[in-house]
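Everything below concerns the one structure shown next.
Quick note: the coordinates plus some simple rules give every number you see, no bench work behind them. The structure displayed is predicted, hence computed values, not measured ones. Positions of Cβ are generated from backbone atoms using ideal geometry, with glycine treated the same way; all protein chains shown enter the neighbour counts.
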Amino acid sequence: MHNQPRKLIFISYAAEDLDFALDIYEALKIRQLTPWICEKDLDHGNMKQNISRAISESKYFIICISNATLKKFGDRPEFQDHALNYSYNIAQSQSDNDFTIIPVRIEDCRHRRYRLPIWKHDLFKDFNKGIDNLAVEMGGASARDSLSIDKRKEDERIFDRLIGKAISEYYAGAFQKTIDISYTLEEIAPDNPLVFSLRGSSLIIMNKHEEALAAFFKFIELNPASPDGWLNCGLALKDLNREHEALIAFDKAIKLNPMDVDGWINKGIILDNLDKRCEALAAFDEAIKLDPEHIESLYNEGIVFSDLGRYEDALHAFNRVIEIDHSNIEAWNNRGLALSGLNRKEEAISAFDKAIELDPKHLEAWYNKGMELNDLGRKNEALCAFNTVIEIDPVNIRAWNNKGVIFGSLNRKDEAVYAFDKAIELDPKLSTAWVNRACLFSRLEHKERVIYNVGYGS
C-alpha cells in the first residue's frame, strides 16, 4: 500500500509504439502533468520493482491501444507484449478508489472483426485535441484553452473509470470480465450505446451469437445513425446464417458510410453466398476502389471469378494478393486452381508447391497437386500426393477414392479395391466410389459383384 497521494501518470505501450508513447509523455508534461514512462524514468536496478513502484504511485494508468498491442499468439486473455502485460497486471490489482485505467487508441484498430464506436480518447485523428481533453480530465491544463476544466459530475467520473476498465479488459481478451462490467455500467447509464457495443462484441467472440445480436440491436436502438453499429449487426446476423437480414444491415452501414471498405466486402461475401455473383463482384469492386490493396476484397473477387469460370480474371486477382502478401497460402492455392482452369497445369503445380512450402500440411494444396499430376499422367507422383493427404487426414474420402482410381489405372487391382472400400467405409453413400469399384470389377469380369456395386451406387 502507498502512503503518499498518487500523482504520477504511468504510460504503458507495446515496444513498437515507443515513439507515439513518447509523444504522449512530452505532451502531458507541457500540460502541467507528471507522466512516467520506462524509456525516460526507469532507474537502474530491478526493472520490475521500479515499474511496480511507479504504478503504485500513479493515479492514472494510460494504456496505448494499437494493432501492435492486439497481436495475439494463443488463447490466453492477455496482451502479447511482455512489458505491457506485466504493467497491466499490476494496474489491475490497484484499488479503483484512487486509480484509473485509461485506454487510448493511437491508431484505428479493432479486436477481431468487430468495431467499438469512436472512443473519446482516440488520439490518431486529432492528437492535440485528444491530448487536451485527456489532460483536463486528469487535472492538467489544455494547451488551447487555459480556462478549460473538467466538468464531469461524480457519476460520470465513476462511469468513465468503469468504461475505461471494461475497454481495457476487452482489448486484453478478458471478454467475460468485460461483459460483467457492462451490466454495472448499464445500471449507471442505461442509455449509453458504448455499453451495449462492448457487451455485444465480447459475447460474439465467445460464440454467444443470439445474446450478442440482442446487444447490437440495443446499440442501434440508441444510436441508429452509427455505421459501425449496423456493421456489427450484419456480422452477427451473418454468423447466425441469417443472410438476407445481414445484407440489409450491411446496406444500411454502407448508406451511412459509403467509404467503409468493410461494409462493401461483407456485402459482397453475403451476395456470393446467395449465388448473386455478379452483384458480389460489384461490391468487391467498390471495396477495391476504396483500397486497391485490400487483400480480402481482392481474394474474394478471385474466388467469385473462379466460380464464374473467368480464370484469367481470377488469376489476376490472386496475383495481386500475392504481390501484396507473398506468403498468402490461400492465394497461392487458388492461383493454382485458376491456372488449372486455364489448362496451365505445370504452372498450377508450381503454385500448389509454393502453398505447400508455406504450409507443409495444407490439405487442399496437396490434393489439388495430386489431381494435376494425375491429369498429366504422372500417376506415381499423384499417389504420393494423395498419400500425404491421407497422412494428414486419414478420413479424407476424396483422397481414398482417387487413390483407387489411380491404382486401377496401374492395374494394381487389390490396392484399388482396398482404397475404394476405405472410401465407402467412410461414406457408404458415396456413389462415385461405388461406381469406380464397379468399373474395376467389370474389368476383372466379376459380374455378380458388378451388379451389386452398380445397384448400390445408383
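Nearest 0.05, what FRET efficiency do Glu57 and Arg412 give at R0 = 45 Å with Cβ-Cβ as r?
0.05
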Original post:
Cα axis of helix 209-222 to longest principal axis of the chain: angle in degrees, 0 to 90, nearest 10?
Top reply: 50 degrees
Subject >> Stretch gain in nm, segment Glu243-Asp150, where the contour uses 0.36 nm per residue and the Cα spacing is subtracted >> reply: 28.9 nm
Original post:
So what's the net charge close to Ala282: Lys and Arg +1, Asp and Glu -1, counting the other residues with Cβ under 12 Å from its Cβ?
Top reply: -1
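Rg over Rh of the range 1-173, using C-alpha atoms and the Kirkwood radius, what does it come to?
Value, to two decimals: 0.94.
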Original post:
What nm distance separates the two modelled labels at Asp98 and His82, each placed 7 Å from Cα along Cα→Cβ?
Top reply: 3.3 nm
Original post:
What's the angle, to the nearest 10 degrees (0 to 90), between helix 397-409's Cα axis and the longest principal axis of the chain?
Top reply: 30 degrees
Original post:
Out of these labelled values of Kirkwood radius over Cα pairs in Å, (1) 22.9; (2) 26.8; (3) 26.2, which was calculated from the coordinates shown here?
Top reply: (3)
Subject >> Hits among lysines - C-alpha to C-alpha of Lys403 under 29 Å, sequence gap 8 or more where chains match >> reply: Lys345, Lys354, Lys361, Lys369, Lys379, Lys413, Lys422, Lys429, Lys447
**OP:** Please report, in debye to the nearest 20, how large the charge dipole of the chain is about its Cα centre when each Lys and Arg carries +1 at its beta carbon and each Asp and Glu carries -1 there.
**Re:** 660 debye
Original post:
Separation between the His316 and Asp291 pseudo-spin-labels, each 7 Å from Cα along Cα→Cβ, expressed in nm?
Top reply: 2.2 nm
**OP:** May I have the count of lysine pairs in the range 154-262 with C-alpha atoms under 24 Å apart, counting pairs 8 or more residues apart or located on different chains?
**Re:** 13
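Can you give the charge dipole size of the range 1-173 about its Cα centre, rounded to the nearest 20 debye, using +1 on the beta carbon of Lys and Arg and -1 on the beta carbon of Asp and Glu?
340 debye
With the cut-off at 16 Å, report for the range 344-393 the share of all Cα pairs above it, as a whole percent.
Of all Cα-Cα pairs in the range 344-393, 29 percent lie more than 16 Å apart.
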Original post:
Taking other Cβ within 10 Å of each residue's Cβ, how do Phe352, Phe159 sort, fewest first?
Top reply: Phe159, Phe352
Original post:
What is the gain in length, in nm to one decimal, between Glu211 and Ile158 on full extension, counting 0.36 nm per residue of separation less the C-alpha to C-alpha distance?
Top reply: 16.5 nm
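Out of all DSSP beta bridges with both ends in the chain, state the antiparallel percent to the nearest 5.
5 percent
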Subject >> Relative packing of peptides 249-255, 151-157, 121-127 - highest average C-beta neighbours within 10 Å first >> reply: 249-255, 121-127, 151-157
Original post:
Fully extended, how many nm does the chain gain between Lys40 and Cys278 (0.36 nm per residue separation, minus their Cα-Cα distance)?
Top reply: 80.0 nm
**OP:** In whole angstrom, note down how far apart the Cα centers of the range 91-164 and the range 361-395 are.
**Re:** 56 Å
Original post:
So how tilted is helix 295-307 from the main axis of the chain? Cα-based, degrees 0 to 90, rounded to 10.
Top reply: 20 degrees
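Over the residues of the range 268-408, compute the C-alpha Rg and express it relative to 2.2 N^0.38 Å.
For the range 268-408, the normalised Cα radius of gyration is 1.11.
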Original post:
Taking the simple approach of a point 7 Å from Cα along Cα-to-Cβ for both Glu381 and Cys109, what is their distance in nm?
Top reply: 4.5 nm
